[in-house]
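The values are calculated or read from the model by the stated rules, or taken from the named source; none is laboratory data. Computed from a predicted model, the values in this text were never measured in an experiment. Counting neighbours? That spans all protein chains shown, and the Cβs are built from the backbone with ideal geometry, glycine included.
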Amino acid sequence: MKSKVGKRAETLLTHSGRHPFDHFGTVNTPVYRASTLLQETVADYKRTKGPREPRYGRRGTPTTFTLEDMISDVEGADGCILASSGLNAVSLAVLSQVKAGDHVLMADCVYGPARNLANHVLTRMNVTTTFFASDIGAGIADLFQPNTRVVYLETPGSQTFDMQDIPAIARVAKAKGAVVMTDNTWGTPLYFKPFEHGCDISIHAATKYIVGHSDAMLGAVSYTAEMEESLRNMAGWLGVYASPDDIYLGSRGMRTLAVRLAQHQKSALEMAEFLLSRREVDRVLYPPHPSSAGHDIWKRDFTGGSGLMGVVLKPVSDAAVASMLDGLELYGMGASWGGFESLILPANPSSNRTAAPWTEPGQLLRIHVGLEHIDDLTADLGAGLDRLQMAD
Ligand SMILES: Cc1ncc(COP(=O)(O)O)c(C=O)c1O
């Protein structure tokens with residue numbers, strides 16, 4: 001690809017990061033396995049080098065740079081650093097921006113282990129955190145302290161799919177001199193562009209849709225130019241690293257991100273309609289669906305939706321929920337999401353909420369709508385809801 005300018009996301013996904021004629025004509029950048037990287041001369045060894053001329057395998061190889069460039073190009077970032085997992089990326093992003101005595105503002109709906117970082121790691125550094133309700137918008141101004149350094153967001157949020165008004169929050173944060181970072185795993189680099197909405201840092205559990213096949217752990221932190229030095233320094237100090245084989249799987253997965261996500265979204269919208277047609281269902285938590293809370297913000301800020309959603313059931317017994325879930329044929333029960341396959345889990349956000357307690361009496365289920373035929377998925381889930389009815 002001679003120039004990225006004006007190229008659409010699908011084209012960038014296909015061509016970014018590839019340099020076949022630097023690699024024997026191979027279409028994909030090969031897996032470079034490396035610890036030692038030899039330098040040819042003393043002068044070369046001593047020369048000050050940029051991030052793309054590492055002296056050691058931990059700092060990356062062309063395998064690493066391929067995926068970093070793909071994510072940056074598609075998301076509209078100035079750069080990207082890969083990490084060993086999504087949680088490793090969360091830690092890198094936060095730790096790169098705080099020092100002892102600082103204060104962090106964190107959305108109440110973030111992925112649970114991000115709260116652990118605040119409650120168990122930042123506290124040891126004398127960094128305090130205030131959790132805020134996701135619908136705070138510009139009202140976040142009232143929570144700023146003179147030492148507030150970071151605003152940490154995740155939209156839609158884990159399990160409850162709360163949308164945050166990122167542009168409104170980012171405007172306040174900018175005026176107060178704080179860094180805005182968001183976990184963009186659900187939106188992916190394709191469907192939400194954090195840097196166009198005022199964010200400085202975007203975090204991905206690439207384990208999910210970027211890898212896309214449930215067979216590798218990977219994280220990514222993408223950023224604007226002003227964040228480069230602090231992030232690269234912290235990545236170096238902490239030894240943040242991702243394995244070349246997992247990165248290769250991430251690059252390979254990302255080439256098909258657009259077609260996979262289009263199908264996830266189509267099926268997820270049909271799934272939402274199906275669920276809402278059932279009397280056992282109270283409501284669906286899926287911002288791309290017009291019935292869902294946060295739909296207006298999603299419509300304004302996002303260009304698509306992925307396959308992860310929530311459904312709140314009308315109150316039933318735990319045994320009824322178990323008989324529904326235990327008999328499902330096509331839905332795996334397991335953590336993570338973003339692979340080709342469908343998943344379902346009973347969720348309980350109440351232990352991870354302090355600013356906006358979760359008080360729903362009905363069971364919340366988290367569903368990942370995979371790439372199976374939607375009619376097979378709804379038939380299986382419909383039979384499960386019939387079992388739920390009978391068992392209650
Ligand atoms: C929104 C979100 N962020 C981060 C992570 C962490 O990613 P990983 O499992 O790759 O550490 C997850 C994992 O479930 C997640 O759902």
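Would it be correct to say that residue 44 is in a helix (DSSP H, G or I) and surrounded by fewer than 20 Cβ atoms within 10 Å (Cβ to Cβ)?
When the stated conditions are applied, residue 44 passes them.
Is it the case that some residue within the stretch 221-228 is within 13 Å of the ligand (Cβ to nearest atom) and under 26 Å from residue 106 (Cβ atoms)?
Within the stretch 221-228, one or more residues are within 13 Å of the ligand (Cβ to nearest atom) and under 26 Å from residue 106 (Cβ atoms).
Which of the following residues is in the same structural domain as residue 140 (by TED's automatic domain parsing) and over 29 Å from residue 359 (Cα atoms): 193, 208?
Numbers: 208 fails: over 29 Å from residue 359 (Cα atoms).
Every option except 193 fails the conditions.
Of the residues 191, 248, 223, only one is under 12 Å from the mean Cα position of the chain (by Cα) and among the aromatic types (Phe, Trp, Tyr); which? Don't jump to the end; show me each part of the working.
On the way: 248 fails: under 12 Å from the mean Cα position of the chain (by Cα); 223 fails: under 12 Å from the mean Cα position of the chain (by Cα).
One residue alone meets the criteria, 191.
Which residue, of 292, 317, is surrounded by fewer than 16 Cβ atoms within 10 Å (Cβ to Cβ), touching a residue at least 40 places away in the same chain (Cβ under 8 Å), not acidic (Asp, Glu) and not assigned by TED's automatic domain parsing to the domain that holds residue 105?
Working: 292 fails: surrounded by fewer than 16 Cβ atoms within 10 Å (Cβ to Cβ).
When all the criteria are applied, what remains is 317.
Could you give every pair whose Cβ atoms fall below 6 Å, whose first residue belongs to the stretch 106-118 and is more than 11 Å from the ligand (Cβ to nearest atom), and whose second residue is assigned to a loop (DSSP other than H, G, I, E, B), counting only separations of at least 6 or pairs across chains?
Short answer, once both residue conditions are applied: 107/164; 108/133; 108/353; 108/355; 108/356.
Could you list, in sequence order, the residues of the stretch 113-172 that are in a strand (DSSP E or B) and in contact with a His (Cβ under 6 Å, 6 or more places away or on another chain)?
Pass one, the stretch 113-172, residues in a strand (DSSP E or B): 128-132, 148-154.
Hits for the stretch 113-172 are 128, 148.
Have a look at 183, 245, 165, 200 and point out the one that is acidic (Asp, Glu), in the same structural domain as residue 147 (by TED's automatic domain parsing) and without any contact (Cβ under 8 Å) to a residue 60 or more places away in the chain. Before you say what the answer is, go through the steps one by one.
Numbers: 183 fails: without any contact (Cβ under 8 Å) to a residue 60 or more places away in the chain; 245 fails: without any contact (Cβ under 8 Å) to a residue 60 or more places away in the chain; 165 fails: without any contact (Cβ under 8 Å) to a residue 60 or more places away in the chain.
Of 183, 245, 165, 200, the one residue that is acidic (Asp, Glu), in the same structural domain as residue 147 (by TED's automatic domain parsing) and without any contact (Cβ under 8 Å) to a residue 60 or more places away in the chain is 200.
Filter the stretch 19-39 for residues that are among the aromatic types (Phe, Trp, Tyr) and not in a loop (DSSP other than H, G, I, E, B) and give the result. I'd like the intermediate steps shown before the answer.
Taking the stretch 19-39 first, the residues among the aromatic types (Phe, Trp, Tyr) are 21, 24, 32.
Listed by number, the list holds a single entry, 21.
Is there a residue in the stretch 162-184 that is farther than 19 Å from residue 350 by Cα, within 13 Å of the ligand (Cβ to nearest atom) and of a type in the set (Val, Ile, Thr)?
yes
What is the one condition in (1) within 12 Å of the ligand (Cβ to nearest atom); (2) not in a helix (DSSP H, G or I) that residue 241 does not satisfy?
(1)
If I go through the stretch 54-96 residue by residue, how many of them are part of a loop (DSSP other than H, G, I, E, B) and either away from the ligand (no atom under 15 Å from the Cβ) or more than 15 Å from the chain's Cα centre (by Cα) (or both)? Steps first, please.
Looking only at the stretch 54-96, we keep the residues that are part of a loop (DSSP other than H, G, I, E, B), and these are 54-55, 60-61, 76-78, 84-85, 96.
Narrowing further to those that are either away from the ligand (no atom under 15 Å from the Cβ) or more than 15 Å from the chain's Cα centre (by Cα) (or both): 54-55, 60-61, 76-78, 96.
Looking only at that region, the number is 8.
Taking the stretch 328-343 only, how many residues are surrounded by 20 or more Cβ atoms within 10 Å (Cβ to Cβ) and within 15 Å of the ligand (Cβ to nearest atom)?
The first filter runs over the stretch 328-343 and keeps only residues surrounded by 20 or more Cβ atoms within 10 Å (Cβ to Cβ), leaving 331, 337-339, 342-343.
From the residues that got through so far, the ones that are within 15 Å of the ligand (Cβ to nearest atom) too are 337-339, 343.
Summing the residues that are surrounded by 20 or more Cβ atoms within 10 Å (Cβ to Cβ) and within 15 Å of the ligand (Cβ to nearest atom) in the stretch 328-343 gives 4.
Which one of these does residue 99 not meet: (1) away from the ligand (no atom under 16 Å from the Cβ); (2) in contact with a Ser or Thr (Cβ under 8 Å, 6 or more places away or on another chain); (3) in a loop (DSSP other than H, G, I, E, B)?
(2)
Looking only at the stretch 278-287, which residues are surrounded by fewer than 21 Cβ atoms within 10 Å (Cβ to Cβ) and of a type outside the set (A, V, I, L, M)?
First, the residues of the stretch 278-287 that are surrounded by fewer than 21 Cβ atoms within 10 Å (Cβ to Cβ): 278-283.
Across the stretch 278-287, the qualifying residues are 278, 279, 280, 282, 283.
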